[in-house]
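Please find one structure pasted underneath; my questions will follow.
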């Protein structure tokens with residue numbers, strides 16, 4: 001009877017951990033979609049943000065696997081050693097691609113909290129007086145179209161680091 005109760009508790013714990021992961025992932029998707037809808041942000045712009053945030057759920061999958069290990073009573077010393085190695089490699093990789101990660105992080109910040117949107121005019125006096133209408137905001141760049149019809153790609157992190165002027169689109 002004691003063994004059956006242990007298996008029952010482990011099974012319910014596993015189901016609970018899996019349900020928590022699914023619910024959290026679903027809530028994240030819904031919150032981003034709802035935010036984009038409330039701010040009138042296009043699906044084309046919100047889809048990459050949802051994908052990036054879904055990628056961060058990989059961390060929670062790792063936590064889910066560890067939780068299952070604890071629930072089922074596995075010896076996790078080997079997992080601990082392996083995870084230290086993996087985290088060291090991930091840290092080195094993040095350092096190597098910091099510029100790319102900086103632009104992706106800035107894209108998420110722009111999506112949620114920055115006062116610019118597609119259609120606004122952006123002026124960057126510190127970047128050779130560059131200005132133009134924002135035609136797209138990607139994970140890596142803000143695409144500007146100047147008065148002559150030329151397009152310019154400005155890295156997202158420049159929008160956070162440099163002084164800029166924003167002229168709102170008149171609706």
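Since every read-out is calculated from the coordinates, none of them should be taken as a lab result. Everything numeric in this text was worked out from a predicted model, so none of it was measured. As a convention, Cβ positions derive from the backbone with ideal geometry for all residues, glycine included, and neighbour counts pool all protein chains shown.
Can you give the relative contact order of the chain as a percent, counting alpha carbon pairs under 8 Å and 6+ residues apart?
Working: 160 pairs, mean separation 28.5, N = 171.
Contact order relative to length: 17 percent.
Now for a different question. For residue 52 and residue 160, compute 0.36 nm times the residue count separating them, minus their Cα-Cα distance, and round to one decimal in nm.
Values: separation 108, 0.36 × 108 = 38.88 nm, distance 1.92 nm.
Answer, rounded to one decimal: 37.0 nm.
For the stretch 117-167, what's the relative contact order in percent, using C-alpha pairs closer than 8 Å and at least 6 residues apart?
Values: 90 pairs, mean separation 18.0, N = 51.
With pairs under 8 Å counted, the relative contact order is 35 percent.
Among 111, 12, which comes first, then next, by fewest other beta-carbon atoms within 10 Å?
On the way: 111 23, 12 11.
So the residues, fewest neighbours to most, are 12, 111.
Could I ask something else about it? Between residue 83 and residue 12, what FRET efficiency comes out of the Förster formula 1/(1 + (r/R0)^6) with R0 = 30 Å and r the beta carbon distance, rounded to 0.05?
Details: r = 26 Å, r/R0 = 0.86.
My answer for the efficiency is 0.70.
On to the next question. Nearest 0.05, what FRET efficiency do residue 168 and residue 35 give at R0 = 22 Å with Cβ-Cβ as r?
Numbers: r = 19 Å, r/R0 = 0.88.
So the FRET efficiency works out to roughly 0.70.
Using alpha carbon coordinates only, what is the Rg to Rh ratio of the stretch 2-96, with Rh defined as the Kirkwood radius? If you can, show how the numbers build up before the last one.
Values: Rg = 17.9 Å, Rh = 16.0 Å.
For the stretch 2-96, the value is 1.12.
What distance in nm separates the simple spin-label points at residue 151 and residue 22, each placed 7 Å from Cα in the Cβ direction?
Rounded to a tenth, the inter-label distance reads 4.1 nm.
Which whole number of Å³ per residue matches the convex hull of the alpha-carbon atoms in the stretch 117-167? Each step should come with its number before you reach the end.
On the way: hull volume 3.4 nm³, N = 51.
Enclosed volume per residue, from the Cα hull, is 67 Å³.
Now for a separate question. Ranked by Cβ crowding within 10 angstrom, fewest neighbours first, how are 72, 57 ordered? Before the final figure, lay out each step's value.
On the way: 72 13, 57 17.
Ranked by crowding around the Cβ, least crowded first: 72, 57.
Take the alpha-carbon centre of the stretch 85-116, take the same for the stretch 40-83, and report the distance between them in whole Å.
Spelled out, the Cα-based centre of one part sits 16 Å from the other.
Would you list 116, 5 from fewest to most Cβ contacts within 10 Å?
The order, fewest Cβ neighbours first, is 5, 116.
Right, something else. For the chain, what is the calculated [θ] at 222 nm in deg cm²/dmol (nearest 500), taking -39500 (n - 2.57) for each run of four or more DSSP H residues and dividing by its residue count?
Result for the chain: -22000 deg cm²/dmol, rounded to the nearest 500.
Tell me the Kirkwood radius of the chain: reciprocal of the mean inverse pair distance over distinct alpha-carbon atoms, in Å. Intermediate values should be presented prior to the final figure.
On the way: mean 1/r = 0.0518 Å⁻¹.
Kirkwood hydrodynamic radius for the chain: 19.3 Å.
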